[in-house]
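A.B. asks: Have a look at the structure that comes next, please.
The values are calculated or read from the model by the stated rules, or taken from the named source; none is laboratory data. Quantities reported herein were computed from a predicted structural model and do not represent experimental measurements. Cβ coordinates were reconstructed from backbone atoms using ideal geometry, including for glycine residues, and neighbour counts include every protein chain displayed. Only protein heavy atoms, including side chains, enter the accessible area calculation; ligands, DNA and RNA are left aside. Shrake-Rupley method; radii C 1.70, N 1.55, O 1.52, S 1.80 Å.
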Amino acid sequence: MTTISATSSSVSTASTSDSGSSSQIAQLTKQIAKLTEQVKNLSSSGGSTEDVQQQQELLQQQIELLQQQIAQIEQQQAQKALQQQQQQQAAAETKKEGVNKPSDTNAIDIYV
């Protein structure tokens, strides 16, 4: 009788910097590669067909979860980049207003 074992991995997706996110993605990618290798080696493990199939399903589910975590981290990175871009645009817009480039709220009408 073959025992079915599955490795579990949990990775927090909260990150404070892009380098932290990049390292998380790299770590998750390594885990996916290890799980993929395990799936490949299952056929030569010598277990029964049912056990091998169950093990493959478990490993595939773990791979899918890791891929979802990577997608979530990438989405968070994209949101951070978008927020930074919006902040930079807002800062650039406020710098444009002034004496030489008046806006509707600070224009001076001079009549001679």
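Quick grid of which residues meet (1) within 22 Å of Ser23 (Cβ to Cβ); (2) at pLDDT below 90; (3) in a loop (DSSP other than H, G, I, E, B); (4) touching a Pro at 6+ places or on another chain (Cβ under 9 Å):
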{"position": "Gln55", "(1), (2), (3), (4)": "no, no, no, no"}
{"position": "Ile70", "(1), (2), (3), (4)": "yes, no, no, no"}
{"position": "Ile73", "(1), (2), (3), (4)": "yes, no, no, no"}
{"position": "Ala92", "(1), (2), (3), (4)": "no, yes, no, no"}
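A.B. asks: Hey, can you tell me all the residues within segment 21-47 that are open to solvent by 60 Å² or more (accessible area, probe 1.4 Å) and not in a helix (DSSP H, G or I)?
C.D. replies: Residues satisfying the conditions are Ser43, Ser44, Ser45, Gly46.
A.B. asks: Being of a type outside the set (Gly, Ala, Ser), modelled with pLDDT of 90 or more and farther than 23 Å from Ala78 by Cα narrows it down to one residue among Leu35, Leu28; which is it?
C.D. replies: Leu35
A.B. asks: Looking only at segment 48-63, filter to residues that are closer than 30 Å to Lys80 by Cα and not β-branched (Val, Ile, Thr); which one of those is surrounded by the most Cβ atoms within 10 Å (Cβ to Cβ)?
C.D. replies: Ranking the qualifying residues of segment 48-63, first place goes to Gln62.
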